[in-house]
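The values are calculated or read from the model by the stated rules, or taken from the named source; none is laboratory data. For clarity, every value in this text was computed on a predicted model and none was experimentally measured. Neighbour counts run over all protein chains shown; Cβ positions are idealised from the backbone, glycine included. In case anyone asks, the SASA skips ligands and DNA or RNA and just uses the protein heavy atoms, side chains included. Shrake-Rupley method; radii C 1.70, N 1.55, O 1.52, S 1.80 Å.
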Amino acid sequence: MGVAETSGVFFTTFQLRGATYQWWRTYELNSPAEAASLTWTQFSDMFLREYVPQSLKNAWRAEFEQLRQGAMNMLEYVVRLSDLAKHAPALVATVRERVHQFIEGLNPNIRLSMAREFEIDIAY
């Protein structure tokens, strides 16, 4: 585990105030002294479970399922798809499922080209 992976947790928790600060202090006080530092992924997962309402998580999942490239350039589409995929891990549990979801959301002319490659079962 590198410094960069845990430094985000340190800098973020340093900024917490009010109820979020109390939540974090309770976590720290209840963690064993020898416990490893949380990674950013672990911290953000805990934070989302605690502070993001289920209705918003459901909305993100629905947006993920319906996401289409549309007017986004490829980079914008990839970033948005990756961000939303965190809220629907069961839908994209394998690399093949992630690739399929990515292709499905592409603009039709790009999707057609990619679908041909997907059909001939290229290893990803």
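With r as the distance between the Cβ atoms of Glu28 and Ala71 and R0 = 30 Å, compute the FRET efficiency 1/(1 + (r/R0)^6) and round to 0.05. With a Förster radius of 30 Å, E is 0.10.
For Ser44 and His100, FRET efficiency with R0 = 22 Å and r from the beta-carbon atoms, rounded to 0.05? Step by step, r from the Cβ atoms, then E = 0.30. Our helix-only sum for the chain, with -39,500 (n - 2.57) per DSSP H run of n ≥ 4 divided by its residues, gives a mean residue ellipticity at 222 nm of -21500 deg cm²/dmol. Given a 1.4 Å probe and the protein chains as shown, Asp45 ends up with an accessible area of around 70 Å². Close amide H contacts of Leu67 (hydrogens built in the peptide plane, cut-off under 5 Å, sequence separation of 5 or more or a different chain): none are found.
Around Phe64, what is the net charge, scoring Lys/Arg as +1 and Asp/Glu as -1 over all other residues with Cβ under 14 Å from its Cβ?
Local charge sum for Phe64: +1.
Shown for the chain: the carbon plus sulfur share of the solvent-accessible area, taken with all protein chains present and a 1.4 angstrom probe, equals 58%. The residues of the chain have, on average, 70 Å² of accessible surface per residue, using a 1.4 Å probe with all protein chains present. Placing R0 at 41 angstrom, the Cβ-Cβ distance between Arg80 and Ser37 gives a FRET efficiency of 0.85 after rounding to 0.05.
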